[in-house]
1. Please specify each residue of the stretch 151-184 satisfying the condition of being within 16 Å of the ligand (Cβ to nearest atom), more than 17 Å from residue 217 (Cβ to Cβ) and either part of a loop (DSSP other than H, G, I, E, B) or without any contact (Cβ under 8 Å) to a residue 24 or more places away in the chain (or both).
2. Suppose we filter the stretch 101-119 for residues that are surrounded by 18 or more Cβ atoms within 10 Å (Cβ to Cβ), free of Cβ contacts under 8 Å to residues at least 40 places away in the same chain and either within 16 Å of the ligand (Cβ to nearest atom) or not in a loop (DSSP other than H, G, I, E, B) (or both); how many remain?
3. Within the stretch 248-255, does at least one residue satisfy the condition of being out of contact with any helix residue (DSSP H, G or I) (no Cβ under 7 Å at 6 or more places or on another chain) and surrounded by fewer than 24 Cβ atoms within 10 Å (Cβ to Cβ)?
4. Residues in the stretch 32-66 that are more than 11 Å from residue 2 (Cβ to Cβ), surrounded by 18 or more Cβ atoms within 10 Å (Cβ to Cβ) and in contact with a strand residue (DSSP E or B) (Cβ under 9 Å, 6 or more places away or on another chain): how many?
5. Out of curiosity, is residue 367 modelled with pLDDT of 95 or more, surrounded by 21 or more Cβ atoms within 10 Å (Cβ to Cβ) and either touching a helix residue (DSSP H, G or I) at 6+ places or on another chain (Cβ under 6 Å) or closer than 28 Å to residue 152 by Cβ (or both)?
6. Quick check: is even one residue across the stretch 275-285 closer than 26 Å to residue 390 by Cα and over 17 Å from the mean Cα position of the chain (by Cα)?
7. Would you be able to tell me the number of residues in the stretch 317-355 that are closer than 21 Å to residue 203 by Cα and either in contact (Cβ under 8 Å) with a residue 40 or more places away in the chain or within 12 Å of the ligand (Cβ to nearest atom) (or both)?
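The values are calculated or read from the model by the stated rules, or taken from the named source; none is laboratory data. Only a predicted model underlies this, so the values are computations on that prediction, with no experimental measurement involved. When we count neighbours, we look across all protein chains shown, and the Cβ atoms used for this are built from the backbone with ideal geometry, even at glycine.
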Ligand code: DOR
């Protein structure tokens, strides 16, 4: 396969130029100008006016398999990922049963292997996600878990968190944390503030996140473990990470597209489609997340792709589950909200969606690098093309961005040398 005249941006090497790319089988064979087809059967993609980047990496998705496959399964999740330009995802472990045991982990990994993309999985930090007893980190790691997380549920026992960090450090795997102390929450998924007041439902105070981040930064400093603060939502949280990273680069943070795009006001017109944990907060928080993404305090954009059925989301706001799907709109939200508005360069955006997340899992030598002799995982996109999604590839449709015009369209996703998505089809 040859991609002709494309602008290749590769954060790993700093490459940024118009070039041709020749892919042989599943490997990048050469990157240079004016490559001619060796064989008349070679596929030739015209990349004129398009960008090419490493296949996007999302380290925070919920494919709901096993247990909640009416919302999503590993196959439909993989299709949604490919449609969004993602070639590697890391599954969260809040399935049913949850991934606190080797059998479930093996099921997930094996099923992932029969999809078009690279599917990795974390295992749980604690048994049954109950926050009382650690899982068998070593056994789960040896069976293929790339990290540990109880995402969806915060871990309240600080001693247990410390023990988890120590064990993860020994194995050189990251611990990803959902930081929301329930003591500060009346109803989750909604910021405690003017909107929760208008709706008269109480909400989730910002202290819920800040207090947990404060605690875990200290434990991360003490233990040296790679710790990832998931879906950061408060300006204080961003500042805590910024300060901590001055001396401790083992502390990482991720931001989701909805937290850099929307504020609590979205609840007023999108209702439960704007309900997520942690909640959308204030304009000052949104701006702080953007500045964290700009200066590298936040190295990772991760979608928290959280499918829920139409009926579940149609319930009254306090009953509906939290979360929205995000894979198919992430790149476009980055271009529309961050690049077009002048906050990030397209290269910075791509770095936060490829090298940043890959590095958290120490995978930067294997993925997220479009260089000669590397595996051919690529996304080709048009940063100037606008589009509107009326139907997502995901099994669920719970997105406030359905029917909204966005800019930055994925044209091709190439995974392991194969076109797995092309202009609306996979
Ligand atoms: O809104 C959310 N939904 N946040 C999470 O952390 C979990 C997710 C889910 O699993 O639905």
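1. The answer is 151, 152, 153.
2. Counting residues in the stretch 101-119 that are surrounded by 18 or more Cβ atoms within 10 Å (Cβ to Cβ), free of Cβ contacts under 8 Å to residues at least 40 places away in the same chain and either within 16 Å of the ligand (Cβ to nearest atom) or not in a loop (DSSP other than H, G, I, E, B) (or both) gives 3.
3. Of the stretch 248-255, the ones out of contact with any helix residue (DSSP H, G or I) (no Cβ under 7 Å at 6 or more places or on another chain) are 249, 254.
With the extra rule that they be surrounded by fewer than 24 Cβ atoms within 10 Å (Cβ to Cβ), the set shrinks to 249.
Within the stretch 248-255, one or more residues are out of contact with any helix residue (DSSP H, G or I) (no Cβ under 7 Å at 6 or more places or on another chain) and surrounded by fewer than 24 Cβ atoms within 10 Å (Cβ to Cβ).
4. 15
5. Working: modelled with pLDDT of 95 or more: yes; surrounded by 21 or more Cβ atoms within 10 Å (Cβ to Cβ): yes; either touching a helix residue (DSSP H, G or I) at 6+ places or on another chain (Cβ under 6 Å) or closer than 28 Å to residue 152 by Cβ (or both): yes.
The answer is yes for residue 367.
6. The answer is yes; a qualifying residue exists.
7. Number of matching residues: 7.
This table checks each residue for (1) surrounded by 17 or more Cβ atoms within 10 Å (Cβ to Cβ); (2) farther than 16 Å from residue 53 by Cα; (3) under 21 Å from the mean Cα position of the chain (by Cα).
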residue	(1), (2), (3)
346	yes, no, yes
355	yes, no, yes
361	yes, yes, yes
373	no, no, no
379	yes, no, yes
387	no, yes, no
411	yes, no, yes
422	no, no, no
